[in-house]
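One structure is given below, encoded as structure tokens.
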Amino acid sequence: MVLRAKEMKDTNHRSSILESKTFILIFEKASTRTKVSFEVGIRHLGGHYVFMTPKESQLGRSEPLKDTARVLSRYADGLIVRTFGQAKLEELSKYSSIPIINALTDEYHPCQVMSDLLTIYERTPDFKDLVIAWVGDGNNMANSWINAAAYFPFQLKMAFPRGYTPGEDLLERALQMGARISVTSDPVEAVRGAHYINTDVWASMGREQEQNTREEVFKGFTLNEKLLTMADKKVKVLHCLPAHRGQEITDQVIEGEWSIVWDQAENRLHMQKAILEWIVAPE
């Protein structure tokens, strides 16, 4: 998938593989990059889309999810779902007869982490000697990086405040699959020698009421110039955006020589196109 997305990017790929196909985007969570990258990607591949929020569907009322899944399966060729609980996505998948793409849940953000891997691959095609760090919350992006470490041979060093770590079951499963993951509460230890450092907002969407508490808990977890001196001399920084500058990352870092955030954001488009193509024409 990463190789195909890179090829699509390099060739400014367009096709008609989605001609006469329609995807329904169901977004219960607001988005900029996910929404636009999927909509533009579908158009680049010759397809059509319908965008729905709870206000425009029965999702915001009382219709059972299984009924929604069955009906939409009769209308479209795939669903792209951005929602809260993972259970909601899994129920839609259970009763749907068409493919469903996880465009984000509270538990996982697979499209984003695949785009991040593409961004790293462009600079370092061989993952086996890479050290990738995560500094921040044990959120859906942290979970997705743990999953990625189970399939790609990089070393993952993660730093979380105590009480804000990912689930032990997820981590244990990845370790059993051969992932090289270490967890600490010390950001300095996590970034020491790292080639790439990732972070995300301290209070993800749906947890905004915890913002003030988290700002206290996460002191010392800001990606700033001082922290980056502990990493590899050529370290690069990723952030899936939107960023709260001055909290999880400073303005100097996100705008500085370390940042590959804008390439990372662009790569959402190319990865979405690779995913869409794979769904309709899997190898």
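Would region 70-81 turn up any residue that is surrounded by fewer than 21 Cβ atoms within 10 Å (Cβ to Cβ), of a type outside the set (Gly, Ala, Ser) and within 26 Å of ASN143 (Cα to Cα)?
Just the residues of region 70-81 that are surrounded by fewer than 21 Cβ atoms within 10 Å (Cβ to Cβ), to begin with: 70-71, 73-77.
Filter again for of a type outside the set (Gly, Ala, Ser), leaving 70-71, 74-75, 77.
Imposing the further condition that a residue be within 26 Å of ASN143 (Cα to Cα) reduces the set to none.
No, that holds for no residue.
Those residues that are touching a Ser or Thr at 6+ places or on another chain (Cβ under 7 Å) and assigned to a helix (DSSP H, G or I), I need them from region 228-273; list them, please. Once the filter is applied, which keeps residues that are touching a Ser or Thr at 6+ places or on another chain (Cβ under 7 Å) and assigned to a helix (DSSP H, G or I), region 228-273 yields VAL253, ASP263, GLN264, ASN267, ARG268, LEU269, MET271, GLN272. Tallying residues that are within 24 Å of TYR95 (Cβ to Cβ) and touching an Asp or Glu at 6+ places or on another chain (Cβ under 7 Å) within region 26-46 yields 0. Listed by first and then second residue, the pairs linking a residue in region 150-178 that is surrounded by fewer than 11 Cβ atoms within 10 Å (Cβ to Cβ) to a residue that is modelled with pLDDT of 95 or more and of a type in the set (A, V, I, L, M), with Cβ atoms under 8 Å apart and 6 or more places separating them unless they lie on different chains, are GLY163/VAL217; GLY178/ALA150.
The values are calculated or read from the model by the stated rules, or taken from the named source; none is laboratory data. Here the structure is a predicted model, which is why all the values come from computation and not from measurement. Note that we place each Cβ from the backbone using ideal geometry, even for glycine, and neighbour counts take in every protein chain shown.
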